[in-house]
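Accompanying notes for the structure given below.
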Amino acid sequence: MIDVIDLRKRFGKLDVLNGITTTIREGEKVAIIGPSGSGKSTFLRCLNCLEDPTSGAIIFQGVNIADMKVDINVHRRHIGMVFQQFNLFNNKTVLENIMLAPVYLGIRDLRIKKLKNFFIRIRNLFTRNKLPLYEINTTPAKIKAEARENAMRLLKRIGLEDKANVYPSTLSGGQKQRVAIIRALAMNPKVMLFDEPTSALDPEMVGEVLDLIKTLADEGMTMVIVTHEMGFAREVATRVIFMDEGRIVEENTPEEIFTNPKNIRTKEFLSKVL
């Protein structure tokens, strides 16, 4: 699904990623672990080009999205992202937060189709070879109604349908993160990226967020998760990547990484966190 080839990222004179090459396969749950400053979050942000790579390629569904000529927003629709700090809009209700992207993009696509049809009609007036018009079977009102219905379905799924019309400031940290997750799911992504989704939560709230992620994993969602939760990585991941100093030092199954690590740096790290 995602092929990463010799990915490099430099901030000024600092090399943060030093030649990352790996493949994220459809249905995989990849946990990325490592010490702070090892480049984990930067790698994740490069996967959907929130950070532009300095060099290298990121092939997503056959397209190099690291190519500056590519319209990244077209492909980013299919890559859900969940951040450490929730990033909910505090001036919008929970329901409005979830509906925002589907409504905006749905109406944008509708306008683009209408504009293209306008120019096709003009062209067809002056040529014998008539081009077909784009099919339009929706309206802004229908787009909003469908987005609302889907948002309520997702809120019901996590038991927060009664919070639809409140503002994020009234929610607990765990509730905010669960809303952030279903906001990403509202776009029906092909892959989900999680950047330390529990690091900003109180310990008692971590479980409810991890349970939701586990449910998504059990349903077959492709995931890449940067995490410090070693028990979670061991339980949920199908593959674990250990990073240090901007490189992939070791990657293997959770069983091999946690019980029989091959690299001495991996052994040192795990001896301190387990």
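Details
- Pairs with Cβ under 6 Å, 6+ apart, first in the stretch 3-18 and over 16 Å from ASN64 (Cα atoms), second open to solvent by 70 Å² or more (accessible area, probe 1.4 Å) and part of a strand (DSSP E or B): LEU17/ARG8; ASN18/ARG247
- Answer residue from the stretch 126-143, given it is of a type outside the set (Phe, Trp, Tyr) and under 12 Å from ARG111 (Cβ atoms) and is surrounded by the most Cβ atoms within 10 Å (Cβ to Cβ) among those: ILE143
- Of everything listed in (1) open to solvent by less than 40 Å² (accessible area, probe 1.4 Å); (2) over 17 Å from the mean Cα position of the chain (by Cα); (3) among the hydrophobic types (A, V, I, L, M, F, W, C); (4) closer than 30 Å to ASP15 by Cβ, the single unmet condition for ALA66 is (2).
- Members of the stretch 151-162 that are more than 15 Å from MET205 (Cβ to Cβ) and either over 23 Å from the mean Cα position of the chain (by Cα) or surrounded by fewer than 18 Cβ atoms within 10 Å (Cβ to Cβ) (or both): MET152, ARG153, LYS156, ARG157, GLU161, ASP162
- Hits in the stretch 217-237 (condition: part of a strand (DSSP E or B) and either without any contact (Cβ under 8 Å) to a residue 24 or more places away in the chain or hydroxyl-bearing (Ser, Thr, Tyr) (or both)): THR222
- Of everything listed in (1) within 17 Å of ILE182 (Cβ to Cβ); (2) in a strand (DSSP E or B), the single unmet condition for VAL240 is (1).
- Residue in the stretch 75-88 that is assigned to a helix (DSSP H, G or I), more than 19 Å from MET243 (Cα to Cα) and of a type outside the set (Phe, Trp, Tyr) present: yes
- Set LEU133, LEU160, LEU95: member being modelled with pLDDT of 95 or more, under 24 Å from LEU210 (Cβ atoms) and touching a helix residue (DSSP H, G or I) at 6+ places or on another chain (Cβ under 8 Å): LEU160
- Here ASN188 meets the list (1) surrounded by fewer than 14 Cβ atoms within 10 Å (Cβ to Cβ); (2) farther than 23 Å from ASP3 by Cα almost entirely, failing just condition (2).
- Matching residues in the stretch 196-209 - criterion: being closer than 21 Å to ILE79 by Cβ and open to solvent by 10 Å² or more (accessible area, probe 1.4 Å): GLU196, THR198, SER199
- The residues of the stretch 82-94 that are open to solvent by less than 40 Å² (accessible area, probe 1.4 Å), more than 7 Å from PRO168 (Cβ to Cβ) and under 20 Å from the mean Cα position of the chain (by Cα), listed by number, are VAL82, PHE86.
- Filter result (within 19 Å of VAL191 (Cβ to Cβ) and open to solvent by 50 Å² or more (accessible area, probe 1.4 Å)) within the stretch 225-269: THR238, GLU251
The values are calculated or read from the model by the stated rules, or taken from the named source; none is laboratory data. It should be emphasised that the depicted structure is a prediction, and the values quoted were computed from it without experimental measurement. Glycine gets a Cβ as well: all are built from the backbone with ideal geometry, and neighbour counts include every protein chain shown. Note: accessible area is taken over every heavy atom of the protein model, side chains too, but ligands, DNA and RNA are not part of it. Shrake-Rupley method; radii C 1.70, N 1.55, O 1.52, S 1.80 Å.
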